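Below: the structure, in structure tokens.
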Amino acid sequence: MNNQQQHQKTMERVQQGLDRRYRKERHFRWLGLGAIILGLLFVSFLFITIISNGYTAFQQTYVKLDVFYDPEMIAPIGETDPEVLSRANYGGLIKASMRQMFPEVTNRREKKVLYGLISTGASYELRNAVMSNPALIGSKAEVWVVADDDVDMLIKGHIDLRLPESDRRIKDNQLGWIHLLQEQDRIEKRFNTTFFTAGDSREPELSGIKGAIAGSFFTLLICLTIAFPVGVAAAVYLEEFAPKNRWTDLIEVNINNLAAVPSIVFGLLGLAVFINFFGLPRSVPLVGGLVLALMTLPTIIIASRAALKSVPPSIREAALGIGASPMQTITHHVLPLALPGMLTGTIIGMAQALGETAPLLMIGMVAFIVDVPGSVMDPSAVLPVQIYLWADSPERAFVERTSAAIMVLLAFLISMNLLAVWLRKKFERRW
Amino acid sequence: MNDTSTAKTGLQSEAGAAMKQNRTAEGTVGEVYVDDPRMTCRNVDVYYGEKQAIFDVSLDVGKNQVISMIGPSGCGKSTFLRCLNRMNDTIDICRVTGQIKMDGQDIYDGGLDVVPLRASVGMVFQKPNPFPKSIYDNIAYGPRIHGLCDDKQHLDSIVEKSLQRAGLWEEVKDRLDQPGTGLSGGQQQRLCIARAIAVSPEVILMDEPCSALDPIATAKIEELIDELRENFTIAIVTHSMQQAARVSQRTAYFHLGKLIEVGETDQIFTSPRHKLTEDYITGRFG
């Protein structure tokens, strides 16, 4: 009887407490859910701002001109010598075409403003067209040429027309000409191929990210070829061969600490060692890759050690048990099983390196470089540095290009991370 | 250090009271020696760092015999088994003293390489641990690394013969290219046995090979052990006394790192000489 009463009392107490317990659980769940929603909100906010700012950069305004390839201005008909063809005055052709379209513009100053509607890069287009096909000389053609970035901004609606004329990059007379061109269907937005095929430029409409992509590619190539083998070898030695003593403990602590060292410190190290001591040139992907390799090494070593640790000891025992040497055990069994984890860590490290800016500023990869690099020894920029440079530029058209470059960088980062996830899923084994 | 010494004195007084016959080796009751030994162990001590796990064990493993090692958990039977092919070498802090000889050759001699030793003393583990490779590659791995096969045909025949001896051939002959990890637990364990015998060892060590298996798979493995005795010497650690009684000719009883009693299996299970052995096999503890 007594026992039953005791039990009843216990149950009452439990019942009383139940509500509070479940309430706590609910609150905890809401907190977690709230945190995730907040995170998603921030991420979507980031993406929305970047995309809404940047998507217009993938289009570029073109103007249709009636160009007469005047033999007097280029070269006599039949001329094919590239020396002669390349030196001709193609800018004059464009100016002539503009004058012909707007005969009422006679004032010297007004003419200059009129010519400003067309990008300075347009003359290079004409030159390339003529040089690849000298038979054009003497003929007339309709040519679509790149408009100036101010015109581009106007067409894309980034210029506020309510502002007084003096505060606007596009003056009233230019507005009139542009309306005329629009009425004649001579203005069109097209896909901006320049953005993906050109290097940096002072003129926004002529600038592209190919140079930065190539620079990033070469830098990562150097980084990967150095950091992956060294990192994996270090991890294998530490995990499989090294005796467990005070020295290896010290090394382990140091590696973990290195992973947390601010990246600019690696930049300083690279500047002191690779450039000042070894005399390697500045601004080249070789040095950038070396610096980033130093920076990613701890990440790769830590990930590789974790991957090696996660290989079940039973596999090692099985191999050792039938007489495989330690080396055979590692190369035949442990490494293949640990490789997906190692690759995942490496790709994450590479993605980190791809987005790194600070150490590259220290070794001079922040220079303005127009040419697309062809090797690891050519001066070049990298994607994040290019973004940094463009973000600093005053022209309105660089704002959208900055966002577009960020989109390209994010696309690379996301695809690298997806690759890592895919690799992990594909090679995941069960035992 | 302190509790091991108290355990020792406690054991000695118990042992003194229970002893019915003369000891053939210090601390051990029964016939430690056999006429035709494959492996001989003399005064083996094993330490894990400061802690001693095995105390002065002497034991012979007879040719073409199955010797089973029984005892409560933590009594050191697995540790002792792993001394026989130097698997304990993989544990940094483990130290083995004493003498273990195989066919007259000291296996802990500095000049002896562990690779050929492990090729001649194979091992099957508690948990089936096939490589995450095909069934064929699982078996072929040993012969390949030791260079035992001349060509593909020879290797094929080794694989077939090993699987046949392990009683697995009929079940897997049509799917040799499928992963060994896809087999059932009992099949995996027989695959591991086939992998061990593929390099034609002289001794096979089995560390609780059936503890992760159901009774039917266990029965198959036990049957297999009995057949393998013809060609191999087998040392098996088991928690099941029925299993020890069924498969082995000799049985060794371990207690707290000491070898208490060794003898013919029938004799150990019907008329144990030592009080501790009797208590264990009658189920009073362990």
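When chain B is treated as a Gaussian network with alpha carbon springs shorter than 10 Å, the biggest mean-square fluctuation among B:Val34, B:Val237, B:Val46 belongs to B:Val34. Modelled spin-label separation between A:Arg21 and A:Lys425, with each label point placed 7 Å from Cα along the Cα-to-Cβ direction: 3.9 nm.
Can you bin region A:210-427 into rounded, prolate or oblate? Criterion: square roots of the alpha carbon gyration tensor eigenvalues sorted a ≥ b ≥ c, rounded for a/c under 1.5, prolate for a/b above b/c, oblate for the rest. Prolate, since a/c reaches 1.5 and a/b exceeds b/c. Taken over the protein assembly as shown, the ratio of Cα radius of gyration to 2.2 N^0.38 Å equals 1.50. Each of A:Ser415, A:Met295, A:Ala272 was placed along the dipole of region A:210-427 (beta-carbon charges, centred on the mean Cα), and the one lying farthest toward the positive end is A:Ser415. Counting only residues at least eight positions apart within a chain, or on another chain, the lysines with an alpha carbon under 20 Å from that of A:Lys140 are A:Lys64, A:Lys95. Within chain A, the longest segment free of exposed loop sites, counting GluC sites (Glu not before Pro) that fall outside DSSP classes H, G, I, E and B and have at most 13 other Cβ atoms within 10 Å, spans A:105-427.
For region A:285-404, what class follows from the C-alpha gyration tensor (a ≥ b ≥ c being the square roots of its eigenvalues): rounded when a/c is under 1.5, otherwise prolate if a/b is larger than b/c, else oblate? Verdict is prolate for region A:285-404. The GNM of chain A, with springs linking C-alpha atoms under 10 angstrom apart, assigns the highest mean-square fluctuation among A:Gly32, A:Gly270, A:Gly215 to A:Gly32. Counting 0.36 nm for each residue step from A:Val253 to A:Ser132 and taking away their Cα separation leaves a gain of 37.4 nm.
Phi angles of region B:177-186 translate, via the Karplus equation with coefficients 6.51, -1.76, 1.60 and θ = phi - 60°, into HN-Hα couplings of 8, 8, x, x, 6, x, 6, 6, x, x Hz per residue; Gly and Pro are given as x. Ranking B:Gln189, B:Val57, B:Ser157 by Cα position along the charge dipole of chain B, where only Lys, Arg, Asp and Glu carry charges on their C-beta atoms, puts B:Val57 farthest toward the positive end. Could you let me know the centre-to-centre spacing of region A:247-279 and region B:211-286, using Cα atoms, in angstrom? Between the Cα centres of region A:247-279 and region B:211-286 lies a distance of 59 Å. Candidate cross-link partners of B:Lys63 among the lysines, defined by an alpha-carbon separation under 19 Å and a same-chain spacing of 8 or more, comprise B:Lys101. Excluding A:Ile347 itself, calculate the net charge of residues whose Cβ lies under 14 Å from the Cβ of A:Ile347, where each Lys or Arg counts +1 and each Asp or Glu counts -1. That sum, taken over residues with Cβ under 14 Å, equals +3. Under 13 Å from a point placed 7 Å out from the Cα of A:Phe68 along the Cα-to-Cβ direction: which residues of region A:123-143 have their backbone N that close? Those under the cut-off are A:138-141. Summarising the label geometry, the points placed 7 Å from Cα in the beta-carbon direction at A:Ala141 and A:Val370 lie 2.4 nm from one another. Report the calculated FRET efficiency for A:Ala306 and B:Leu112 (r = Cβ-Cβ distance, R0 = 35 Å), to the nearest 0.05. Computed FRET efficiency for A:Ala306 and B:Leu112 comes out at 0.45. Overall shape of chain B was characterised from the C-alpha gyration tensor. The equivalent ellipsoid obtained from it has semi-axes of 34, 21, 16 Å, in decreasing order. Legend: Rg and Dmax of region A:71-229, from Cα coordinates, 19.8, 70 Å. For A:Ile36, the solvent-accessible surface computed with a 1.4 Å probe is close to 110 Å², ligands and nucleic acids excluded.
Pairs spanning more than 18 Å between alpha-carbon atoms, out of B:Lys51/B:Lys77; B:Lys133/B:Lys173; B:Lys127/B:Lys220: none are present. Among B:Cys149, B:Cys210, the sequence by solvent-accessible area, most first, with a 1.4 Å probe is B:Cys149, B:Cys210. Separation of region A:1-40 from region A:217-236 is 52 Å, based on Cα centroids. Taking B:Thr97, A:Thr80 and ordering them by how much accessible surface each has at a 1.4 Å probe, largest first, produces A:Thr80, B:Thr97. Placing A:Phe45, B:Phe80, B:Phe269 in order of accessible area, with the largest value first and a 1.4 Å probe, yields A:Phe45, B:Phe269, B:Phe80. Cβ-Cβ distance of A:Phe196 and B:Ala219, R₀ of 60 Å, FRET efficiency by 1/(1 + (r/R0)^6): the value works out to about 0.30.
Checking every one of the trypsin sites (Lys or Arg not before Pro) in region A:322-431 against DSSP loop status and a limit of 10 other Cβ atoms within 10 Å picks out A:Arg430.
Centroid-to-centroid, using Cα positions, region A:298-332 and region B:124-164 are 20 Å apart.
Each Lys and Arg contributes +1 and each Asp and Glu -1, all at the Cβ; summed about the Cα centre of the protein assembly as shown, the dipole is approximately 1800 debye. Counting charges near B:Tyr108 (Lys, Arg +1; Asp, Glu -1) among other residues having Cβ under 14 Å from its Cβ returns a value of +1. Distance between the 7 Å Cα→Cβ label points at A:Glu83 and B:Asn43: 10.0 nm.
From its DSSP helices (H runs of at least four residues, each -39,500 (n - 2.57)), chain B gives a residue-normalised ellipticity at 222 nm of -11000 deg cm²/dmol. As a calculated quantity, the FRET efficiency between A:Met11 and A:Val230 at R0 = 45 Å, using C-beta atoms, amounts to about 0.10.
Charges were assigned to the Cβ only: +1 to each Lys and Arg, -1 to each Asp and Glu. The resulting dipole of region A:56-192 about its Cα centre is roughly 240 debye. By the gyration tensor of its Cα atoms, with a ≥ b ≥ c the square roots of the eigenvalues, what is the shape of region A:225-282: rounded for a/c under 1.5, prolate for a/b over b/c, or oblate? Taking the square roots of the gyration eigenvalues as a ≥ b ≥ c, region A:225-282 is prolate. Specify the residue with the greatest mean-square fluctuation among A:Asp81, A:Asp378, A:Asp150, computed from a Gaussian network of chain A linking alpha-carbon atoms under 10 Å apart. It is A:Asp81.
Temperature 37 °C, viscosity 0.692 mPa s: under these conditions the Stokes-Einstein estimate for region B:140-221, based on its Kirkwood radius over C-alpha pairs, is 247 µm² per second. The average projected area of region B:70-147, computed from the convex hull of its Cα atoms over all directions, is 7.2 nm².
The values are calculated or read from the model by the stated rules, or taken from the named source; none is laboratory data. Values in this document were obtained by computation on a predicted structure and should not be read as measured data. Using ideal geometry, Cβ is built from the backbone for each residue, glycine included, and neighbour counts are taken over all protein chains shown. The protein model used for the area step is the full one, side chains on, heavy atoms only, and it has no ligands, DNA or RNA in it. Shrake-Rupley method; radii C 1.70, N 1.55, O 1.52, S 1.80 Å.
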